[in-house]
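Working notes for the structure below.
The values are calculated or read from the model by the stated rules, or taken from the named source; none is laboratory data. What you see is a predicted model, and the numbers here were worked out from it, not measured in a lab. Cβ atoms come from the backbone with ideal geometry, glycine included; neighbour counts cover every protein chain shown. Remember, those area values only see protein heavy atoms, side chains included, never the ligands or the DNA or RNA. Shrake-Rupley method; radii C 1.70, N 1.55, O 1.52, S 1.80 Å.
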Amino acid sequence: MAQQTRNGHSASAAEVAALAGVSRQTVSRVVNGMPNVTEKTRKRVLAAMEELGFRPNFAGAALRGGSYRSIGLCMYNITRVGNLATLEGIMQAAREHDFAVTMIEMGGDKPYTLADASRCMVERPVDGMILNMNRMAPDFEEFVPQPGVRTVILSMYAHPRCTTIDSDQYGSCELLTNYLLEHGHSNMRFVAGPENSISSRFREAGWRDTLGRAHVDAAPMLRGDWSADSGYAMGERIAAEVLAGGSQAPTAVLAANDQMALGVIAALENAGLSVPDDVSVVGIDDALEGLVPHNRLTTLRFDLRGVGKLAFEAAIGESSSIEAIHVPSTLVERSTVRDIRG
C-alpha cells in the first residue's frame, strides 16, 4: 500500500489509519495537534504519515478550523532592495502569527493585472492576499477583489475596494526638498527613477510641489533607472553644468534613490568637484546602509519592514474599513549636504 501511494496517488487518512493501526479520528487528532492522543500513538501515526507521504487536506482543515493559516503574496521583481525588505517584514509578521506565505513573483515584461494576480493567488489555499504594485496595473480602478478573500495592495494610490499601504513616497521628497531649501539650495536638480515607476512619480511630484509652494522654479528633471550607473551618467551632466558656472548652476542634487545618488557623487568627484563643498547630494531609501563602507550619504530611511508588517496584519484582519496608509520616513543626516545660507 505504501509503494502504491508513492507512485500512484496521494495517501488518504484511512490509509494512514490502517498502517498505524488506529482509527481515522486518531489520525485527525494528530494532524490537528489535539492533546487527547498518547505520545506513543502520535509517533506511530507520524511514522505512517511519513512512510506514505501523507499530506493533510487543506480544504478540510479550513472547513474545520475556518482558516488555512496562509497568506498569499504576489510581488513584482523580488530582487529589488526595497521589495526584499518589505518581504522580510511580511515574513516576520507571518512567523509571529504562525502563518505560512505563498508567494508568486511577476517578472520580466509579462503583463501585470490585479485581476490575473488575484485569480492566480485564490487558487492556492490562502486566507488573504497582498498584491505588490511597483508599476501601475491597467485594471487598478476597476479591480474587484476575490469574494471572501481580504486583499491588500502595496501602492501609494488609494483604491475604492481595497486597503492600500506604502511608504510615503510623496512626503519623502517633500521633506528632502524642504531640507535642501532650508540649507540655502534653491538651484537643485532632481534625478528621477524609471517613468513607469509609481514610487518615482510620487517622489517627483513631492519635489515639484514643494518647490512650487516655495515659489521656486523647478529645473529640468533628469531620469535614471535606479542603478548607480544611471546616476553616474546624470552626474556627468550635472558636473558639466556646475563647471560651466552661471547663476543657474545647481548647488544640490536630489536623487530618487541611494544607488543613483552614489553614482552622482562618483561622477561629480571624478570631474574634480567636491561633495558637499561644491555640490550637495541627497538620496532616498537608506538601502545601502551596511553595504557601503563609511557611508556618508544624507538620505531618508523608509520603514519597509513596517510596511510589510502592516500589510500582513491588514490582509488577515477582520475590519471592513478601506484605508490608504502612508508610512512616514525618517531623515538620516550624514555629511553630503552643506549649508550655503549667508
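Considering the conditions (1) open to solvent by 20 Å² or more (accessible area, probe 1.4 Å); (2) more than 30 Å from Arg237 (Cα to Cα); (3) among the hydroxyl-bearing types (Ser, Thr, Tyr), Tyr170 is excluded by exactly one of them, (2). Residue pairs whose Cβ atoms lie under 9 Å apart, separated by 6 or more positions or on different chains, with the first residue in region 30-46 and over 15 Å from Leu19 (Cα atoms) and the second among the aromatic types (Phe, Trp, Tyr) and modelled with pLDDT under 85, are Val31/Phe54.
With respect to (1) in contact with a strand residue (DSSP E or B) (Cβ under 7 Å, 6 or more places away or on another chain); (2) more than 21 Å from Leu84 (Cα to Cα); (3) at pLDDT below 95, the lone exception for Arg119 is condition (1). Selection over region 10-28 of residues that are surrounded by fewer than 18 Cβ atoms within 10 Å (Cβ to Cβ) and of a type outside the set (Gly, Ala, Ser) gives a count of 2. When Phe143, Phe190 are checked against the criterion of being crowded, with 18+ Cβ neighbours inside 10 Å and closer than 30 Å to Ser67 by Cβ, a single residue qualifies: Phe143.
Looking only at strands (runs of 3 or more DSSP E) that fall completely inside region 275-342, which ones have 3 or more residues that are open to solvent by less than 60 Å² (accessible area, probe 1.4 Å)?
280-282, 324-327
When Arg223, Arg203 are checked against the criterion of being of a type outside the set (Val, Ile, Thr), within 31 Å of the chain's Cα centre (by Cα) and either over 29 Å from Ala137 (Cα atoms) or open to solvent by 40 Å² or more (accessible area, probe 1.4 Å) (or both), Arg223 stands alone in meeting it.
Remark: Met129 matches the filter, which requires a residue to be farther than 20 Å from Phe302 by Cα, touching a residue at least 60 places away in the same chain (Cβ under 8 Å) and either open to solvent by 10 Å² or more (accessible area, probe 1.4 Å) or among the hydrophobic types (A, V, I, L, M, F, W, C) (or both).
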